[in-house]
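The values are calculated or read from the model by the stated rules, or taken from the named source; none is laboratory data. Quick caveat: nothing in here was measured; it's all calculated off a predicted structure. Cβ coordinates were reconstructed from backbone atoms using ideal geometry, including for glycine residues, and neighbour counts include every protein chain displayed.
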Amino acid sequence: MLTFDKEYFNIGYLDTLSYKDTFMHRIDPRIKLLTSLAFILLVISFPKYEISKMIPFLVFPVVILSIGDIPLIFILKKLLIVSPFALFVGIFNPILDTAPMYSIYGVGISGGWVSYFSIIMKFILTISTALLLIATTSFPGICIALEKLFVPKILVVQLLFLYRYLFVLAEETMRIVRARNMRTFGRKGQGMRVFIQIAGTLFVRTVERSERIYHAMCSRGFDGRIRMMKNFKPGFIDIIFAVVTITVFVILRKYDIAKILGDLILQ
Amino acid sequence: MSHHIIDFKDVHFAYPDRTEALSGISFRITHGESVGIVGANGAGKSTLISHMNGYLMPAKGRIIIGDAQLDKTTRSDIRKKVGVVFQNPDDQLFMPTVFDDVSFGPLNLGLSEERVIERVNEALNTVGCYDLKDKPPHRLSLGQKRAVSIATVIAMQPDILVMDEPAANLDPKSRRQLINLLKEFKHSKIIASHDLDLILDVCERCIVIGAGKVRADGPAGEVLLNEKLMKENNLELPLSLQRR
Amino acid sequence: MHMADALLSPAVGTTFWAGSLGIIAYCSKRLKNDINEKMVPLMGVLAAFIFAGQMINFTIPGTGSSGHIGGGMILAILLGPSAAFIAIASVLAIQSLFFADGGILALGCNIWNMGVYPCFVAYPLIYRTITRRDKTPGRIMIASMLSVIVALGLGSFSVVLQTLLSGRSELPFAAFAALMLPIHLAIAVGEGFITGGFVNYVRSVRPEIFDIVEGTGKLRESFSMKKVLISISLLVIITGGILSWFASTHPDGLEWSIEKIYGTAELPGHENGIVPKLKDIQEKTTILPDYDFAGKENRETAGTEKSWPAVNAGASVSGLLGSVMVIGLISIFGFVIRIFKRIRN
Ligand SMILES: Nc1ncnc2c1ncn2[C@@H]1O[C@H](COP(=O)(O)OP(=O)(O)O)[C@@H](O)[C@H]1O
Ligand SMILES: [Mg+2]
């Protein structure tokens, strides 16, 4: 079927969330970006057979989700439908690596399963953090953060344009697809040829649009440079946030909290 | 300094596919005037407006804006004098937030940050959209987008405001708000539209365009009331007059 | 196919980030020097166009399943290499944030895999060579088809290499490649057909549009093949060098340095297979120092694991129990924050 994916509504929803006004949303985008990156790097750095040390890291997404007022269900749903490549590749681990590693009350668990769970855990942690970053930070905010972090201006401008016209073009696409579906009564109109025609129509309109945008930019003094005023400095709260999160990450990376807790209870 | 602000003399223009869109247009507009340009679809209104700030250049004839004749060298100065609001606000609003969009022009003028902020606030207050400052354009209604588009141009403080179909696709309430807004403007303004009631409400003078030529030019009340003229140009009398 | 965070090691992830950022910097420098002003909005909306196009699914002939385009080659053909690379990077960046395709760390790999090959290999070496003389529909179709096949082939091969270098997956090289390449060949044929068909369609209905776009991307005229080849080889050598340095001195660079900083030596130092052969050896020596796992030498009998005795049940039980506790505590924590917020409102 030539359908226009639900994905579009998902982006729209994420985008709506990102304009909420909570403590999380107010944190300096650079700080959020950098702490998220640090988080992901630390999680990824866990070796292949590590699980229990990773579990306490769940605290970061959970705290952001709770403070940022992001619906848990939404994130869980996204986690389920997101590209399953990692899970697909990982599933070969239990098949190929069958040497038992642990025994829990007599049930042996192979190294392959352990490393597969480790991949799943990493998947959950990294993907939810990426989603929560965008759900609590407006996209223009992220772009400005990127520019301040020395990403080339032209890429930043690209991202801003892409973000701005994504919604416009997605809606235009939806109109073309609907008109097409109406005329083909859902019978034909699903193959590659139809797709090419739709894409061709959309492309022509897009180029014409870019001419009009250029026209509008010129009438407001565009000279090849995009100028923006962005005066945000990280405040006291932002710095506290960064210091606290990084400290927690480091502690969690170093100590196996889950095991310590387990030992305490078993004693 | 001449008191004319826009002076078109026998302007011709054809698109690359040889569509003759303007075939000998002449008119003058003076400071403080508000002029409506009416004509059926395809009459050449948008093409005419694209000439006012040099996006298109006449193939024949000349255009004088203020003291300068429009050519490639004067074009960028002329763009500061003539503020154009285009038909589709999605093309006019290309920045990620309303604030960024309204500040785009003033920043290009090289103003200091305080002056830019002042201008942005002023422009947004004029169109009643101050509260939308931090919103991204794709979260605005069409009426709000139109108003913000106008603000982006006002913030440049042009000598004259040119608008292409400002009321197209607006619902009645937003259209009414827009008309009230336009009426309040003390600016010189040129409004191209086939919404004749809007022109009648907002403009004193009206130029009728048909097939790339000026068909009539005179006080809006007279021109728009001329039933024969309107029929000839595939237009109808303004609805408000039809009822009488 | 998007590379994913969960399959990456920090060394591989950061190396490819560095490589991709390097190329972005190179492209942006080129564009800054002689960009046509019109290119700024054009690149942006064409990236949005590709993005919108990706959201339309179509039926793949003969399979009944549906797919969508990647569009990297279309951008390369329309915008020329430098601008297309930036546009592709921006599309992938938005995908990684809004769709969580892959993830943030894997974005570096994904930009590399889906940007470098169409822009700097397939376009200059294949597409332009074939279509330079005359741009007949037949030539355009063949050129598009070959370009996409090569670009996607190299891209999927890179996914395989990145996964293997990261050492999170057990899949041996040959099996993984045998799995990935045919799938991607099939995808590439579809994408190639669409790319060529699209270019031909637009050229036939609106030839002047192509003139506008090509006129804007005047950069391609000054494009020197030699420079491209040299830069690519340099990049490959540099990134390859960094990568192998990382990989050889400390099997997993970042892990290693993290452990150094923390002063714990609990990491098994040979997590990663650089070459599949090495992997074999590792399989036999991998241990988990975290858990007092007694029989490291027994690991060599990995083939006959059936007889494996249960070891140190205590450690694994306490780990499991602790994990459950931690999850419980974190959930409670989240709840408390929510309730607290609700009360405050
Ligand atoms: N980009 C273009 N290329 C070719 N012809 C055009 C283009 N834009 C407008 N035209 C033609 O020029 C004429 C005037 O169009 P336009 O100025 O848009 O009219 P209006 O704005 O009054 O509806 C029409 O015949 C239209 O088809
Ligand atoms: Mg028009």
**Item:** Of all residues in segment B:33-49 being within 14 Å of chain A (Cβ to nearest Cβ) and near ligand 1 (Cβ under 6 Å from one of its atoms), the one that is nearest to B:A21 (Cα to Cα)
**Value:** B:T47
**Message:** Among the residues in segment B:193-212, are any away from ligand 2 (no atom under 16 Å from the Cβ) and under 18 Å from B:G128 (Cα atoms)?
**Reply:** no
**Prompt:** Hey, among C:A106, C:A84, which residue is farther than 24 Å from C:P182 by Cβ and within 12 Å of another protein chain (Cβ to nearest Cβ)?
**Reply:** C:A84
**Prompt:** Taking B:L178, is it at pLDDT below 90, away from ligand 2 (no atom under 16 Å from the Cβ), surrounded by 18 or more Cβ atoms within 10 Å (Cβ to Cβ) and outside any loop (DSSP other than H, G, I, E, B)?
**Reply:** yes
**Request:** Test A:T126 against the criterion of being out of contact with any Pro (no Cβ under 9 Å at 6 or more places or on another chain), farther than 20 Å from C:F99 by Cβ, in the same structural domain as A:L146 (by TED's automatic domain parsing) and not in a loop (DSSP other than H, G, I, E, B), and give yes or no.
**Result:** no
**Item:** Of all residues making up segment A:57-86, the number that are under 30 Å from C:G167 (Cβ atoms), free of Cβ contacts under 8 Å to residues at least 40 places away in the same chain and either buried (at least 18 other Cβ atoms within 10 Å of the Cβ) or of a type in the set (S, T, N, Q) (or both)
**Value:** 4
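Being facing another protein chain (nearest Cβ under 7 Å) and at pLDDT 90 or above is the requirement here; does A:L131 meet it? Break it down stepwise before answering.
Details: facing another protein chain (nearest Cβ under 7 Å): yes; at pLDDT 90 or above: yes.
Yes.
Being modelled with pLDDT under 90, buried (at least 24 other Cβ atoms within 10 Å of the Cβ) and within 25 Å of C:K29 (Cα to Cα) is true for just one of C:P81, C:P118, C:P124. Which residue is that?
Step by step, each of C:P81, C:P118, C:P124 is checked, and only C:P81 is modelled with pLDDT under 90, buried (at least 24 other Cβ atoms within 10 Å of the Cβ) and within 25 Å of C:K29 (Cα to Cα).
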**Message:** Restricting to segment B:14-29, and then to whatever is touching a residue at least 60 places away in the same chain (Cβ under 8 Å) and more than 14 Å from ligand 2 (Cβ to nearest atom), can you tell me which residue is nearest to B:V82 (Cα to Cα)?
**Reply:** B:I29
**Request:** Check B:L22, B:L56, B:L109, B:L48 and return the single one that is under 30 Å from A:F139 (Cβ atoms) and of a type outside the set (G, A, S).
**Result:** B:L109
**Request:** State whether the residues of segment A:248-265 include one that is within 30 Å of A:L160 (Cα to Cα) and either at pLDDT below 90 or more than 9 Å from chain C (Cβ to nearest Cβ) (or both).
**Result:** no
**Fill in**
If we take segment A:18-69, then helices (runs of 4 or more DSSP H) inside it with 2 or more residues that are facing another protein chain (nearest Cβ under 9 Å) and either closer than 18 Å to C:A4 by Cα or among the charged types (D, E, K, R) (or both) are A:29-44
**Prompt:** How many residues does segment B:120-137 hold that are more than 14 Å from chain A (Cβ to nearest Cβ) and not aliphatic (A, V, I, L, M)?
**Reply:** 6
**Prompt:** Is it the case that segment A:87-104 has a residue that's within 30 Å of C:I35 (Cα to Cα) and crowded, with 23+ Cβ neighbours inside 10 Å?
**Reply:** no
**Message:** Within segment B:50-58, does at least one residue satisfy the condition of being closer than 22 Å to B:I207 by Cα and within 9 Å of ligand 1 (Cβ to nearest atom)?
**Reply:** yes
**Request:** Could you identify the single residue in B:F27, B:F94 that is among the aromatic types (F, W, Y) and away from ligand 1 (no atom under 16 Å from the Cβ)?
**Result:** B:F94
**Message:** Need pairs with beta-carbon distance below 6 Å; first residue within 17 Å of B:P166 (Cα to Cα) and within segment B:31-43, second in a loop (DSSP other than H, G, I, E, B) and more than 7 Å from ligand 1 (Cβ to nearest atom); sequence gap 6+ or separate chains.
**Reply:** B:S34/B:C203; B:S34/B:E204; B:V35/B:C203; B:G36/B:C203; B:A40/B:N234
**Asked** Quick one: which helices (runs of 4 or more DSSP H) sit completely within segment C:87-178 and have at least 2 residues that are within 29 Å of A:F123 (Cβ to Cβ)?
**Response** C:106-111, C:137-166
**Request:** Go through segment B:53-171 and tell me which strands (runs of 3 or more DSSP E), entirely inside it, have 2 or more residues that are surrounded by fewer than 16 Cβ atoms within 10 Å (Cβ to Cβ) and more than 15 Å from the chain's Cα centre (by Cα).
**Result:** B:60-65
**Message:** Could you go through segment B:188-209 and let me know if any residue there is closer than 29 Å to B:S76 by Cα, surrounded by fewer than 22 Cβ atoms within 10 Å (Cβ to Cβ) and hydrophobic (A, V, I, L, M, F, W, C).
**Reply:** no
**Prompt:** Quick one: which of A:F161, A:F167, A:F241 is assigned to a helix (DSSP H, G or I), at the interface with chain C (Cβ under 7 Å from one of its Cβ atoms) and not β-branched (V, I, T)?
**Reply:** A:F161
